[in-house]
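Notes to accompany the following structure.
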Amino acid sequence: QVQLVESGGGLVQPGGSLRLSCVASRITFNMYAMDWYRQAPGKQRELVALISSGGTTNYVDSVKGRFTISRNNAKNTVYLQMNSLKPEDTAVYYCHGRLFNYEHWGQGTQVTVSS
């Protein structure tokens with residue numbers, strides 16, 4: 001069974017940093033495009049950042065310059081480095097992998113930005 005397991009969430013003060021990790025198992029990880037989504041209370045899930053199998057990245061405007069997505073294919077892991085965090089970044093963050101018609105989701109990790 002395919003698994004995507006996120007970690008690294010937590011409580012951080014505004015202006016702080018966190019690094020999320022997502023470890024994938026039972027997929028050919030280097031072929032998958034990987035994304036990070038987030039869902040805040042009462043809001044729709046939104047795409048935050050994506051990285052293609054070839055390493056091309058893209059970001060939603062609200063996190064550009066603050067968040068960095070990266071991947072380590074040898075470790076089957078995708079990361080989201082989040083700097084200069086704001087209260088509006090508070091959400092559950094989900095890892096998502098996609099390849100053609102296949103897609104897989106992680107269980108999510110909570111990020112709370114508050115003083």
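Worth pointing out:
- Boolean, residue 58 is open to solvent by 40 Å² or more (accessible area, probe 1.4 Å), out of contact with any Ser or Thr (no Cβ under 8 Å at 6 or more places or on another chain) and among the polar types (S, T, N, Q): yes
- Taking first residues from the stretch 36-65 that are of a type outside the set (S, T, N, Q) and partners that are part of a loop (DSSP other than H, G, I, E, B), the Cβ contacts under 8 Å between residues at least 6 apart in sequence or on separate chains come to 37/45; 38/45; 40/90; 46/60; 47/60; 48/60; 49/60.
- Residue within the stretch 41-55 that is open to solvent by less than 30 Å² (accessible area, probe 1.4 Å) and part of a loop (DSSP other than H, G, I, E, B) present: no
- Looking only at the stretch 1-40, and only at residues there that are of a type in the set (Phe, Trp, Tyr) and within 12 Å of the chain's Cα centre (by Cα), the one that is most open to solvent (accessible area, probe 1.4 Å): 37
- Against the list (1) open to solvent by 60 Å² or more (accessible area, probe 1.4 Å); (2) β-branched (Val, Ile, Thr); (3) within 13 Å of the chain's Cα centre (by Cα), the condition residue 69 fails is (1).
- Restricting attention to the stretch 90-115 and to residues that are touching a strand residue (DSSP E or B) at 6+ places or on another chain (Cβ under 6 Å) and outside any strand (DSSP E or B), the residue that is nearest to residue 53 (Cα to Cα) turns out to be 106.
- Residue that is most open to solvent (accessible area, probe 1.4 Å), among those in the stretch 72-104 that are under 12 Å from residue 38 (Cα atoms) and aromatic (Phe, Trp, Tyr): 94
The values are calculated or read from the model by the stated rules, or taken from the named source; none is laboratory data. Note that this is a predicted model, so its numbers are computed, not measured. Counting neighbours? That spans all protein chains shown, and the Cβs are built from the backbone with ideal geometry, glycine included. Ligands, DNA and RNA are stripped out before the accessible areas are found, and what is left, the full protein with its side chains, is counted by its heavy atoms. Shrake-Rupley method; radii C 1.70, N 1.55, O 1.52, S 1.80 Å.
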